[in-house]
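The structure appears below as structure tokens.
The values are calculated or read from the model by the stated rules, or taken from the named source; none is laboratory data. Everything numeric in this text was worked out from a predicted model, so none of it was measured. Cβ sites come from the backbone with ideal geometry, for glycine too, and all protein chains shown count toward neighbours.
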Amino acid sequence: MLSAFEITEEIRGKRRSAVEVLGVCLDVVASRNDAVHAFLRIDEDYAKRQAGVVDDKVARGEVLGALAGVPVAVKDNMCTEWGTTTCASNILKDYRSPYSAHVIERLEAADAVIVGKTNLDEFAMGSSTENSCAGVTRNPWNPDRVAGGSSGGSVAAVAAGMVPLALGSDTGGSIRQPAAFCNVTGLKPGYGCVSRYGLVAFGSSLDQIGPIARDARDVALLLGVIAGHDARDSTSVNHAVPDYADTISAPPVNLKIGIPAEYFGDGLDAEVRGAVEDAIKMYERNEAEIIEIHLPHLKYAIACYYVICTAEVSSNLARFDGVHYGHRTASPDGIVDLYAATRAEGFGAEVKRRIMLGTFALSSGYHDAYYLKALKVRTLLKQDFERAFEQVDVIASPTSPTPAFAVGERSDDPLAMYLADVYTVSANLAGICAISIPCGFSSDGLPIGLQLQAPAFAEQRLLQTAHAYQNCTDWHRKEPTAVNSKQ
């Protein structure tokens, strides 16, 4: 699969048609998706119509959008007027949205070709894409390993060469962690950078939609399309959107990179540590200043996150009651049974667990002890990052403490699963932007990711820093031969 930049150049130069590019994409999906299970649904008729529209524009000599003819995959928690929006949950198994999300409108306006909807942990709750009613997404590098989560389907689709671009959502690392596991580049924009209108809510103060691609240049291209103010989302910030793609090659000047000791403590795999330290040395050789920093409240981030996010889950998922839309139990015995039986039948185990945890944290007598205290800790954590960014431009760390773990390895241990996000949840709590880029492989041939973090609305600096590393390395160009040989 060509990069998004290469595809747009081919189409603008009339060397390929959008229909031809889509045909190649669909052939690759057909040959590889059974092994990976990245896509829940392929919208072939819709995609062909979109590709035809692009080719008609080319024939008439009209101005083309930034993503002209580029195949894109979309995580199935973003509403589309066509097809279903299921969130990989039985409670929304046949749900058809009456409107499209803001990011879908932006993709269409940019002449992208949306291929289909990708798998995820149910309602985006998970770190492995094992909590899906439609089955597990496999890691293209080793099908016995997880792809990561919750945006595992979108990431696996890019890693397996099915599409050059995809959209995911990131509430506590759901773009960055699978990106690290699958050797692609994934960005969580700062809170308010991209409209959440039409994103099925998980944790409203934490959720962000973000781009996934093989390299930072394609990520920048996609971010430039979806970023910007949307009046329908009260959390969307009205800020100027830089031309991320056009400025990405500008080398960061006098770059100061902070290395927090708290990210390099117990629990960090030795091979992950080695790969990340080598990446930091690469920056140092290219004249970046490396500064040790401290984030003293980072040790509370996981506990703080799982109180706040589950409380928001309890509130956001109350709407799925068998009355308004979605699944309804067949023969309820009264209104209370309608609610209880519908939710018992429709939700999976992890979603139920988080609803119960959140309801407990918000309940009378426990609200102050848990939820209110977590909000106070969140403020302290945010202040830690603000102080750090007074000293440095970017913070570097591992994305995940380990490479991808085996399918089923942590399914019966929720705490171990939650700890997979130990390095990523803090960015969501603080509202800053963060990216994961490939930086090496374990001795088992599993990808390792480097996480870079910057203040909110410093995505341009973050992308330039990531691109500078990818100009000096070729980790992001490596492909998983086990899956990609199936054509």
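A few remarks follow.
- In this structure, A388 does not satisfy being at pLDDT 95 or above and within 21 Å of A220 (Cβ to Cβ).
- Scanning segment 369-386 for residues that are surrounded by 16 or more Cβ atoms within 10 Å (Cβ to Cβ) and among the hydroxyl-bearing types (S, T, Y) returns Y370, Y371.
- Condition check for G326 on (1) over 30 Å from P260 (Cβ atoms); (2) at pLDDT 95 or above: one failure, at (2).
- Helices (runs of 4 or more DSSP H) wholly inside segment 118-226 containing at least 1 residues that are touching a Gly at 6+ places or on another chain (Cβ under 7 Å) and within 22 Å of A47 (Cα to Cα): 152-159
- Residue that is surrounded by the fewest Cβ atoms within 10 Å (Cβ to Cβ) [pool: residues in segment 133-168 that are polar (S, T, N, Q) and out of contact with any Asp or Glu (no Cβ under 6 Å at 6 or more places or on another chain)]: N142
- All positions within segment 457-486 that are at pLDDT below 95 and in a helix (DSSP H, G or I): T481, A482, V483, N484
- Complete set of residues in segment 244-264 that are touching a residue at least 40 places away in the same chain (Cβ under 8 Å), out of contact with any strand residue (DSSP E or B) (no Cβ under 8 Å at 6 or more places or on another chain) and charged (D, E, K, R): none
- Leading residue by the ranking (farthest from the chain's Cα centre (by Cα)) among those in segment 155-188 that are of a type in the set (G, A, S) and under 22 Å from C309 (Cα atoms): G172
- Some residue of segment 387-399 being touching a residue at least 24 places away in the same chain (Cβ under 8 Å), more than 26 Å from A416 (Cα to Cα) and surrounded by fewer than 18 Cβ atoms within 10 Å (Cβ to Cβ): yes
- The residue that is farthest from E277 (Cα to Cα), among those in segment 292-328 that are in contact with an Asp or Glu (Cβ under 8 Å, 6 or more places away or on another chain) and not hydroxyl-bearing (S, T, Y), is H327.
- Checking each residue in segment 56-103 for being in contact with a Cys (Cβ under 9 Å, 6 or more places away or on another chain) and surrounded by fewer than 16 Cβ atoms within 10 Å (Cβ to Cβ) picks out K93, P98, Y99.
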